[in-house]
Amino acid sequence: MLSESEARESVIVALDCDRKEALRLAGQLEGRARWVKVGMTLFYAEGPSIVREMGERGLRVFLDLKLHDIPFQVFGAARSASLSGADMLSIHALGSAQMVSQARAGVERAAEECGRDRTRLVAISVLTSMDEEALSSVGIDRDLSDEVSRLASLAVGAGSDGIVCSPQEAASMRALLGPDALIVTPGVRPAGAALGDQRRVATPAAAIAAGASKLVVGRPVTRAGDPVATFESIVSELCEG
Ligand code: C5P
């Protein structure tokens with residue numbers, strides 16, 4: 001069971017929409033939500049200004065850009081993303097320990113340059129859209145959960161603050177990575193909410209009970225008739241356990 005403040009801090013609302021809609025939702029959630037997620041669709045359309053605009057509304061930003069390139073490029077990308085004001089940034093563990101450590105160096109450089117808190121890094125292990133067949137098709141034949149564990153250890157060992165995984169992997173990731181790791185879980189659905197394209201889902205309370213630090217919730221809030229009421233009901237669920 002979380003305090004109300006902890007519950008508000010735990011929910012990241014994914015703004016997978018255009019700028020106008022994102023700003024409308026941010027305005028509605030201002031003072032209630034603490035975090036929003038800006039993904040590639042919104043960021044590639046609007047650039048760093050959208051991150052700043054969220055910050056001006058008192059919202060912290062998880063910039064979900066899933067960086068994956070050569071270490072030199074990822075250093076620069078992580079630094080630039082961090083300078084935009086992002087509080088958390090995603091990278092792909094598959095890019096190697098060297099790539100993850102250069103992402104860490106990039107966000108550290110940005111923090112030194114602008115004198116603000118360092119952007120936290122979370123690593124994608126295996127995309128939740130991939131199953132064992134898809135993994136095998138790209139040449140990885142080991143058990144999917146072993147691959148997730150291996151990449152999570154690699155990423156955190158190389159300087160990532162945590163990982164992104166499905167709620168169903170949160171408990172094993174918490175056991176593997178320890179109490180301080182950030183464990184961010186999408187695929188969260190309040191009881192009765194439409195699944196959409198998500199398959200491996202859990203309720204907000206179940207995801208937190210399994211050890212998630214933060215939940216990413218998109219359409220159940222953003223497409224609700226009353227996004228504020230839906231967000232508040234998730235907060236209440238987390239407070240009640
Ligand atoms: O609308 P919904 O709650 O399904 O949104 C989940 C969000 O989490 C989306 O922005 C999606 O891009 C993101 N995400 C995901 N699975 C991952 C990583 C991120 O669904 N493995």
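Key figures for this structure:
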read-out: Some residue of region 26-42 being assigned to a helix (DSSP H, G or I), within 14 Å of the ligand (Cβ to nearest atom) and without any contact (Cβ under 8 Å) to a residue 24 or more places away in the chain; value: no
read-out: Complete set of residues in region 63-86 that are within 16 Å of the ligand (Cβ to nearest atom) and surrounded by fewer than 23 Cβ atoms within 10 Å (Cβ to Cβ); value: Leu65, Lys66, His68
read-out: Scope region 106-119; condition under 14 Å from Gly76 (Cβ atoms) and surrounded by fewer than 16 Cβ atoms within 10 Å (Cβ to Cβ); matching residues; value: Glu113
read-out: Residue check, Glu6 more than 15 Å from the ligand (Cβ to nearest atom), of a type in the set (D, E, K, R), more than 25 Å from Met130 (Cα to Cα) and crowded, with 18+ Cβ neighbours inside 10 Å; value: no
read-out: Verdict on Leu154 being farther than 17 Å from Val216 by Cα and either open to solvent by less than 10 Å² (accessible area, probe 1.4 Å) or touching a residue at least 24 places away in the same chain (Cβ under 8 Å) (or both); value: yes
read-out: Considering residues of region 120-137 that are modelled with pLDDT of 95 or more and not small (Gly, Ala, Ser) only, the residue surrounded by the fewest Cβ atoms within 10 Å (Cβ to Cβ); value: Arg120
read-out: Tabulated pairs, region 117-136, first under 21 Å from Gly85 (Cβ atoms), second assigned to a strand (DSSP E or B) and of a type in the set (Gly, Ala, Ser), C-beta under 7 angstrom, 6+ apart or interchain; value: Val122/Ser90; Val122/Gly162
read-out: Condition check for Ala78: at pLDDT 95 or above, more than 17 Å from Gly157 (Cα to Cα), in contact with a helix residue (DSSP H, G or I) (Cβ under 6 Å, 6 or more places away or on another chain) and not in a helix (DSSP H, G or I); value: no
read-out: Selection from region 175-189 of residues that are crowded, with 18+ Cβ neighbours inside 10 Å and away from the ligand (no atom under 16 Å from the Cβ); value: Leu177, Ala181
read-out: Filtered residue count, region 201-241, keeping only those that are without any contact (Cβ under 8 Å) to a residue 40 or more places away in the chain and either of a type in the set (D, E, K, R) or open to solvent by less than 30 Å² (accessible area, probe 1.4 Å) (or both); value: 6
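The values are calculated or read from the model by the stated rules, or taken from the named source; none is laboratory data. Remember, it's a predicted structure, so these values are computed and weren't measured experimentally. Cβ coordinates were reconstructed from backbone atoms using ideal geometry, including for glycine residues, and neighbour counts include every protein chain displayed. These accessible areas exclude ligands, DNA and RNA; they are computed on the full protein's heavy atoms, side chains included. Shrake-Rupley method; radii C 1.70, N 1.55, O 1.52, S 1.80 Å.
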